[in-house]
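The values are calculated or read from the model by the stated rules, or taken from the named source; none is laboratory data. None of these values were measured; they are calculated from a predicted model. Glycine gets a Cβ as well: all are built from the backbone with ideal geometry, and neighbour counts include every protein chain shown.
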């Protein structure tokens, strides 16, 4: 079964073609800067030991034109992986927000699309692009089953004590104000891989997804009990450009003192805060280079980033009443050993240790780092959200 996974953003499309049940990656790619003259398609075909990489300027196109260019390169006479769009059995769409309506994977029909449109206020930057991707894919792949996988769905097992805010019930009942959480597909994938690695389906696990966006989740026996992002993806950990947790009074104070509009401040907190606001840099590689050059602001930002992770670890251990494993994933979580070590520093009282020299690698690509004999495992599990989506699409088609 050939499953095409699409993650459609406001100006980009990421995709993978995966055959199931073998879980074989056939091709993957990215279209960037959609809607500009610099729009470019980078396509990889996985044949043999080294992938074939194609890069193509596609001009000023919309999402329809971008996805049409992807189909064209997938059918290329020399490096094509399909001969016709009809070969695609299902398309899995990553959709940012399912609100309270969508709690699991669902086959897309007109009613589902109408409900996604109603959720636009909960994800104004992402959901319109997600819906556009669905509609374009329906036109280009008319015979394929279209499936929506919601980034918030995994977190819908949280109890009310975790997902409710202490505001008027009217805001919850009439406006959907509650914790939804994000990165759910990633948290689901890596926690399941960790539980299988531990041989313990009832494991208590803290998953830490660190990239430009960052989030954590407390997971008990495969179910999310709490997560750091909330109504939107702004709360929780310090991120590349997002502030993370902040006293709401700060918002009122800034508006009153500076006269900045609410719309402008929303942009500041989402795009000009976090590590960028603290030290002028958002890429962790640049921040670490600045630290080596004696940049005190970068060093403080790095310490604050780790400190926030540590605070959440402590609270989640309390929620779970113990812990079997901590899982790092995402670009920073998987590659920045210094950040992992700093986040777990001085936590021996809780039974948490981190020892880079004690790294043990598994055939599944999982690495563990805790001291010998430590009860709590510290794992790095590479995330694969596209594969998780493909698995869920395959399960829906064969359920």
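Is it the case that residue 64 is on the phi > 0 side of the Ramachandran plot, at pLDDT below 95 and surrounded by fewer than 19 Cβ atoms within 10 Å (Cβ to Cβ)?
Answer is no for this residue.
What about residue 166, is it within 28 Å of residue 305 (Cβ to Cβ), part of a helix (DSSP H, G or I) and either touching a helix residue (DSSP H, G or I) at 6+ places or on another chain (Cβ under 6 Å) or free of Cβ contacts under 8 Å to residues at least 60 places away in the same chain (or both)?
no
Among the residues of region 199-220, which ones are touching a residue at least 40 places away in the same chain (Cβ under 8 Å) and either in a loop (DSSP other than H, G, I, E, B) or not assigned by TED's automatic domain parsing to the domain that holds residue 381 (or both)?
200, 203, 211, 212
Inside region 121-160, can you point out the residues that are more than 27 Å from residue 85 (Cα to Cα) and surrounded by 15 or more Cβ atoms within 10 Å (Cβ to Cβ)?
122, 123, 152, 153, 154, 155, 156, 157, 158 - these are the residues of region 121-160 that are more than 27 Å from residue 85 (Cα to Cα) and surrounded by 15 or more Cβ atoms within 10 Å (Cβ to Cβ).
Looking at residue 230, is it touching a strand residue (DSSP E or B) at 6+ places or on another chain (Cβ under 9 Å), surrounded by 14 or more Cβ atoms within 10 Å (Cβ to Cβ) and outside any helix (DSSP H, G or I)?
When the stated conditions are applied, residue 230 does not pass them.
When region 89-102 is examined, which residues are found to be surrounded by fewer than 21 Cβ atoms within 10 Å (Cβ to Cβ) and touching a strand residue (DSSP E or B) at 6+ places or on another chain (Cβ under 8 Å)?
89, 102
Considering each of 136, 53, 112 in turn, give the residue that is touching a helix residue (DSSP H, G or I) at 6+ places or on another chain (Cβ under 7 Å) and modelled with pLDDT of 90 or more.
Checking each option against the conditions leaves just 136.
Could you look through region 2-14, keep only residues that are crowded, with 23+ Cβ neighbours inside 10 Å and modelled with pLDDT of 95 or more, and pick out the one that is farthest from residue 39 (Cα to Cα)?
Applying the filter and picking the extreme gives 3.
Of all residues in region 355-368, which are touching a strand residue (DSSP E or B) at 6+ places or on another chain (Cβ under 7 Å) and over 15 Å from residue 206 (Cα atoms)?
Within region 355-368, 359, 360, 361, 366, 367 qualify.
Look through 341, 325 and report the one residue that is surrounded by 15 or more Cβ atoms within 10 Å (Cβ to Cβ), without any contact (Cβ under 8 Å) to a residue 40 or more places away in the chain and assigned by TED's automatic domain parsing to the domain that holds residue 235.
341 is the lone residue from the list that is surrounded by 15 or more Cβ atoms within 10 Å (Cβ to Cβ), without any contact (Cβ under 8 Å) to a residue 40 or more places away in the chain and assigned by TED's automatic domain parsing to the domain that holds residue 235.
Return the pairs, sorted by first residue and then second, in which the second residue is at pLDDT below 95 and surrounded by fewer than 16 Cβ atoms within 10 Å (Cβ to Cβ), the first residue lies in region 231-255 and is under 17 Å from residue 276 (Cβ atoms), the beta carbons are less than 7 Å apart, and the residues are 6+ apart or on different chains.
These pairs meet every condition: 241/271.
Having 1 or more residues that are more than 26 Å from the chain's Cα centre (by Cα) is the bar; report the strands (runs of 3 or more DSSP E) wholly within region 33-126 that clear it.
52-57
Please verify whether residue 210 is at pLDDT below 95 and surrounded by 19 or more Cβ atoms within 10 Å (Cβ to Cβ), treating the condition exactly as stated.
Taking the combined requirement at face value, the residue does not satisfy it.
If you check residue 351 against the conditions, is it over 13 Å from residue 216 (Cβ atoms), surrounded by fewer than 15 Cβ atoms within 10 Å (Cβ to Cβ), assigned by TED's automatic domain parsing to the domain that holds residue 379 and in contact (Cβ under 8 Å) with a residue 60 or more places away in the chain?
no
Check off (1) closer than 22 Å to residue 283 by Cα; (2) part of a loop (DSSP other than H, G, I, E, B); (3) touching a helix residue (DSSP H, G or I) at 6+ places or on another chain (Cβ under 8 Å) for residue 235 and give me the number that stays unchecked.
Residue 235 satisfies all of (1) closer than 22 Å to residue 283 by Cα; (2) part of a loop (DSSP other than H, G, I, E, B); (3) touching a helix residue (DSSP H, G or I) at 6+ places or on another chain (Cβ under 8 Å) except (3).
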